[in-house]
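Visitor: I have a structure I would like to understand better, so I am pasting it below and will then ask my questions one at a time.
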Amino acid sequence: MSESRSADVLARLGRVLTPNYRPTLVLERGEGAHVYDAEGRRYLDLLAGLAVSSFGHCHPAIVAAVRDQVGKLAHVSNLYATEVSVRLAERLTEMSGFPRAYLCNSGTEAVEAALKLARLHARKARGEDRFEFVAFDRSFHGRTFGSLSCTGQPNYHDGFEPLVPGVSHVPYGDLDAVRQALGPRTAAVIVEAVQGEGGVRPAPEGFLAGLRSACDDAGCLLIVDEIQTGMGRTGRFFAHQHDGIRPDIVTVAKALGGGLPLGALLTSEEVGAVFVPGTHATTFGGNPVVCAAGLAALGLLGDGLIERAASLGSRLTELLEGVQARNPELVREVRGRGLLVGMELTLPARPLVPRALELGVILGVAGDHVLRLAPPLVVDEADLEAGVRVVETVIREVE
Ligand SMILES: *Cc1c(COP(=O)(O)O)cnc(C)c1O
């Protein structure tokens, strides 16, 4: 009987939702690194809801914080303040080292705010008419028009043109191409410290530092999109800290809300100061329930989870390199940082995902040939080992 419940939900979904997504699984609850479907079957979540559920599913501290806040006050507009949103911003600015935060509801909104802030800063603070952006091939920054226009994946643009004008894309890692693309109208360069959706590609050695000086020379801002890589996932609070640089604007979301929708832009006093009343706003941004979840999540990060991401990340990479060594004809490369790891295959990655699901493991992909693993930071080593055994099983089956 229960076997038909998932099928029933999926059939109903197919009748009422626009067909953007084609899920094959109905999930009902989660605990730590595991989720359970409508039939009670358990899955190891090695994708963490696309790098969102870093603290595991239903972490008791986050659940308690949300329950408490939703019973007190669930929403106020930004015409009023709540202490919980201020406390979140205090904690976030303290942990990130950036003194100013703007709160929103998603990654794409954080990017959108960053692009708008860069233009406004050029015009209002510097009196320069800078409105162009330099972004990278294979980048991903979101799906609203501004962020989509910066996204360097033509298949995501298809059918939505014309895009926002003034964006140029250059190869990731190519500093000469960046310097050529920069000009007196450039407002900002936007870059991921590890390209996530574009195939889990860490910035080449020295690239981010080179971008920093290219932006300084050109008089434009550097925006680092840490939506996927931030919040400790790579073993530092931000992935760009591995490279010792300081961006002008950083965007975060995904794991920030501890599983609830929270995004943020972080910046300096000087740049943040141009967002005065009336310039940019959002109804839900800084929502007290979501901020309570984010505050609890940041508390957990401070308890050693970032170090855990670093050490477990090394272990995961080592395990996957073992798979590569045993299957050199199937695995091209293992790469990533911390608990964001990609395995580039010689075969298409997408068909492996449903097969791994049958074996009880949720995997992701990033492009046609790359399996993406972004487990919760609370995952344990035995689960990683079990998950990697499934990875090896499914890639070998395809032969
Ligand atoms: C997921 C992602 C976004 C978009 O975030 P949404 O919350 O889906 O809007 C932007 N940039 C990067 C690097 C991402 O990984």
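The values are calculated or read from the model by the stated rules, or taken from the named source; none is laboratory data. Since the model is a prediction, treat every value here as computed from it, not as a measurement. Cβ atoms come from the backbone with ideal geometry, glycine included; neighbour counts cover every protein chain shown. Each accessible area value is taken on the protein alone, full model and side chains, heavy atoms only, with ligands, DNA and RNA left out. Shrake-Rupley method; radii C 1.70, N 1.55, O 1.52, S 1.80 Å.
Visitor: Mind checking which residues of region 146-156 are farther than 15 Å from Leu115 by Cβ and either in contact with a Ser or Thr (Cβ under 7 Å, 6 or more places away or on another chain) or surrounded by 14 or more Cβ atoms within 10 Å (Cβ to Cβ) (or both)? Talk me through it step by step, then tell me what you get.
Guide: Taking region 146-156 as the starting set, the residues that turn out to be farther than 15 Å from Leu115 by Cβ are 153-156.
Once the filter is applied, which keeps residues that are farther than 15 Å from Leu115 by Cβ and either in contact with a Ser or Thr (Cβ under 7 Å, 6 or more places away or on another chain) or surrounded by 14 or more Cβ atoms within 10 Å (Cβ to Cβ) (or both), region 146-156 yields Gln153, Tyr156.
Visitor: Turning to a different aspect of this structure: Can you name the residue in region 370-392 that is over 12 Å from Val353 (Cα atoms) and not in a helix (DSSP H, G or I) and, of all such residues, is most open to solvent (accessible area, probe 1.4 Å)? Can you show your working first?
Guide: Taking region 370-392 and keeping what is over 12 Å from Val353 (Cα atoms), we get 374-389, 392.
With the extra rule that they be not in a helix (DSSP H, G or I), the set shrinks to 374-380.
Details: Ala374: 1, Pro375: 0, Pro376: 0, Leu377: 0, Val378: 47, Val379: 1, Asp380: 74 Å².
Among residues in region 370-392 that are over 12 Å from Val353 (Cα atoms) and not in a helix (DSSP H, G or I), the one most open to solvent (accessible area, probe 1.4 Å) is Asp380.
Visitor: In this structure, is Gly71 closer than 29 Å to Gly285 by Cα, small (Gly, Ala, Ser) and without any contact (Cβ under 8 Å) to a residue 12 or more places away in the chain?
Guide: Details: closer than 29 Å to Gly285 by Cα: yes; small (Gly, Ala, Ser): yes; without any contact (Cβ under 8 Å) to a residue 12 or more places away in the chain: yes.
So Gly71 passes the test.
Visitor: Something else: Condition first: out of contact with any Pro (no Cβ under 9 Å at 6 or more places or on another chain) and among the β-branched types (Val, Ile, Thr). Can you find one or more residues in region 230-239 that meet it? Working first, answer last.
Guide: Filtering region 230-239 for residues out of contact with any Pro (no Cβ under 9 Å at 6 or more places or on another chain) gives 230-233, 235-237.
Going one step further and asking which of them are among the β-branched types (Val, Ile, Thr), we end up with none.
No, the conditions are met nowhere in region 230-239.
Visitor: What is the residue count in region 282-328 for residues that are in contact (Cβ under 8 Å) with a residue 60 or more places away in the chain and assigned to a loop (DSSP other than H, G, I, E, B)?
Guide: The qualifying residues number 7.
Visitor: Kindly establish whether Glu109 is within 11 Å of the ligand (Cβ to nearest atom) and over 14 Å from Val224 (Cα atoms). Lay out the reasoning, then the answer.
Guide: Values: within 11 Å of the ligand (Cβ to nearest atom): yes; over 14 Å from Val224 (Cα atoms): yes.
Against the criterion (within 11 Å of the ligand (Cβ to nearest atom) and over 14 Å from Val224 (Cα atoms)), Glu109 qualifies.
Visitor: Pick out, from region 152-242, the strands (runs of 3 or more DSSP E) lying fully within it that include 1 or more residues that are touching a residue at least 40 places away in the same chain (Cβ under 8 Å).
Guide: On the way: elements: 167-170, 186-192, 221-225.
Per the criteria, 186-192, 221-225.
Visitor: Could you say which residue among Ala325, Ala281, Ala296 is outside the structural domain of Leu339 (by TED's automatic domain parsing) and either open to solvent by 50 Å² or more (accessible area, probe 1.4 Å) or charged (D, E, K, R) (or both)? First the steps, then the outcome.
Guide: Details: Ala325 fails: outside the structural domain of Leu339 (by TED's automatic domain parsing); Ala296 fails: either open to solvent by 50 Å² or more (accessible area, probe 1.4 Å) or charged (D, E, K, R) (or both).
Unique residue meeting the criteria: Ala281.
Visitor: Would you confirm whether or not region 64-85 contains a residue that is within 16 Å of the ligand (Cβ to nearest atom), in a loop (DSSP other than H, G, I, E, B) and outside the structural domain of Leu319 (by TED's automatic domain parsing)? Give the steps one after another, and end with the answer.
Guide: Looking only at region 64-85, we keep the residues that are within 16 Å of the ligand (Cβ to nearest atom), and these are none.
Among the residues of region 64-85, not one is within 16 Å of the ligand (Cβ to nearest atom), in a loop (DSSP other than H, G, I, E, B) and outside the structural domain of Leu319 (by TED's automatic domain parsing), which makes the answer no.
Visitor: State the number of residues belonging to region 232-247 that are surrounded by fewer than 24 Cβ atoms within 10 Å (Cβ to Cβ) and in contact with a strand residue (DSSP E or B) (Cβ under 7 Å, 6 or more places away or on another chain).
Guide: Quick first cut of region 232-247, residues surrounded by fewer than 24 Cβ atoms within 10 Å (Cβ to Cβ) only: 235-237, 241-246.
Then drop every residue that is not in contact with a strand residue (DSSP E or B) (Cβ under 7 Å, 6 or more places away or on another chain), which leaves 235, 242.
Counting residues in region 232-247 that are surrounded by fewer than 24 Cβ atoms within 10 Å (Cβ to Cβ) and in contact with a strand residue (DSSP E or B) (Cβ under 7 Å, 6 or more places away or on another chain) gives 2.
Visitor: Now for a different question. Select, from Arg143, Arg123, the only residue that is away from the ligand (no atom under 16 Å from the Cβ), open to solvent by 40 Å² or more (accessible area, probe 1.4 Å) and either within 12 Å of Ile223 (Cβ to Cβ) or out of contact with any His (no Cβ under 6 Å at 6 or more places or on another chain) (or both).
Guide: Numbers: Arg143 fails: away from the ligand (no atom under 16 Å from the Cβ).
On inspection, the qualifying residue turns out to be Arg123.
Visitor: Return the residues of region 347-369 that are open to solvent by less than 60 Å² (accessible area, probe 1.4 Å) and either farther than 12 Å from Arg201 by Cβ or free of Cβ contacts under 8 Å to residues at least 40 places away in the same chain (or both); say none if nothing qualifies. Don't jump to the end; show me each part of the working.
Guide: Initially, region 347-369 is screened for residues open to solvent by less than 60 Å² (accessible area, probe 1.4 Å), giving 347, 349, 352-353, 356-357, 360-367.
Once the filter is applied, which keeps residues that are open to solvent by less than 60 Å² (accessible area, probe 1.4 Å) and either farther than 12 Å from Arg201 by Cβ or free of Cβ contacts under 8 Å to residues at least 40 places away in the same chain (or both), region 347-369 yields Leu347, Ala349, Leu352, Val353, Ala356, Leu357, Gly360, Val361, Ile362, Leu363, Gly364, Val365.
Visitor: Check region 31-44 and report whether any residue there is open to solvent by 60 Å² or more (accessible area, probe 1.4 Å) and in contact with a Cys (Cβ under 7 Å, 6 or more places away or on another chain).
Guide: Looking only at region 31-44, we keep the residues that are open to solvent by 60 Å² or more (accessible area, probe 1.4 Å), and these are 31, 41-42.
This time we only want the ones that are in contact with a Cys (Cβ under 7 Å, 6 or more places away or on another chain), so: 31.
Yes, region 31-44 contains a residue that is open to solvent by 60 Å² or more (accessible area, probe 1.4 Å) and in contact with a Cys (Cβ under 7 Å, 6 or more places away or on another chain).
Visitor: Does Gly206 meet the test of being away from the ligand (no atom under 16 Å from the Cβ) and over 27 Å from Pro154 (Cβ atoms)? Steps first, please.
Guide: On the way: away from the ligand (no atom under 16 Å from the Cβ): yes; over 27 Å from Pro154 (Cβ atoms): yes.
So Gly206 passes the test.
Visitor: Within 18 Å of the chain's Cα centre (by Cα) and either on the phi > 0 side of the Ramachandran plot or assigned by TED's automatic domain parsing to the domain that holds Ser53 (or both): is that true of Leu339 in this structure? Can you show your working first?
Guide: Values: within 18 Å of the chain's Cα centre (by Cα): yes; either on the phi > 0 side of the Ramachandran plot or assigned by TED's automatic domain parsing to the domain that holds Ser53 (or both): yes.
Against the criterion (within 18 Å of the chain's Cα centre (by Cα) and either on the phi > 0 side of the Ramachandran plot or assigned by TED's automatic domain parsing to the domain that holds Ser53 (or both)), Leu339 qualifies.
Visitor: Can you say whether Val134 is open to solvent by less than 40 Å² (accessible area, probe 1.4 Å), among the β-branched types (Val, Ile, Thr) and either within 16 Å of the chain's Cα centre (by Cα) or over 24 Å from Gly230 (Cα atoms) (or both), as far as the supplied structure shows? Even if it seems obvious, please write down each step before you answer.
Guide: Details: open to solvent by less than 40 Å² (accessible area, probe 1.4 Å): yes; among the β-branched types (Val, Ile, Thr): yes; either within 16 Å of the chain's Cα centre (by Cα) or over 24 Å from Gly230 (Cα atoms) (or both): no.
So Val134 does not fit the description; no.
Visitor: Restricting attention to region 157-171, and to residues there that are open to solvent by less than 40 Å² (accessible area, probe 1.4 Å) and within 23 Å of the chain's Cα centre (by Cα), which single residue is farthest from Leu211 (Cα to Cα)?
Guide: Let us first name the residues in region 157-171 that are open to solvent by less than 40 Å² (accessible area, probe 1.4 Å), namely 157, 166-167, 170.
After this cut, where a residue has to be within 23 Å of the chain's Cα centre (by Cα) as well, the list is 157, 167, 170.
Working: His157: 26, Val167: 17, Val170: 12 Å.
Filtering first and then ranking leaves His157.
Visitor: Going by what's in this entry, would Pro171 be described as at pLDDT 95 or above and more than 14 Å from the ligand (Cβ to nearest atom)? Talk me through it step by step, then tell me what you get.
Guide: Details: at pLDDT 95 or above: yes; more than 14 Å from the ligand (Cβ to nearest atom): yes.
Taking the combined requirement at face value, the residue satisfies it.
Visitor: Filter region 45-63 down to residues that are on the phi < 0 side of the Ramachandran plot and assigned to a helix (DSSP H, G or I) and give me whichever is surrounded by the fewest Cβ atoms within 10 Å (Cβ to Cβ). Working first, answer last.
Guide: So in region 45-63, the residues on the phi < 0 side of the Ramachandran plot come out as 45-47, 52-55, 57, 59-63.
If we keep only those that are assigned to a helix (DSSP H, G or I) too, we end up with 60-63.
Working: Pro60: 10, Ala61: 16, Ile62: 25, Val63: 15.
Checking each candidate, the answer is Pro60.
Visitor: Only one of Leu88, Leu103 is buried (at least 22 other Cβ atoms within 10 Å of the Cβ) and away from the ligand (no atom under 16 Å from the Cβ); which?
Guide: Unique residue meeting the criteria: Leu88.
Visitor: Go through region 361-399 and give me each residue that's among the small types (Gly, Ala, Ser) and under 24 Å from the mean Cα position of the chain (by Cα). Write out each step before concluding.
Guide: To start, the set of residues in region 361-399 that are among the small types (Gly, Ala, Ser) comprises 364, 366-367, 374, 382, 386-387.
Listed by number, the residues that qualify are Gly364, Ala366, Gly367, Ala374, Gly387.
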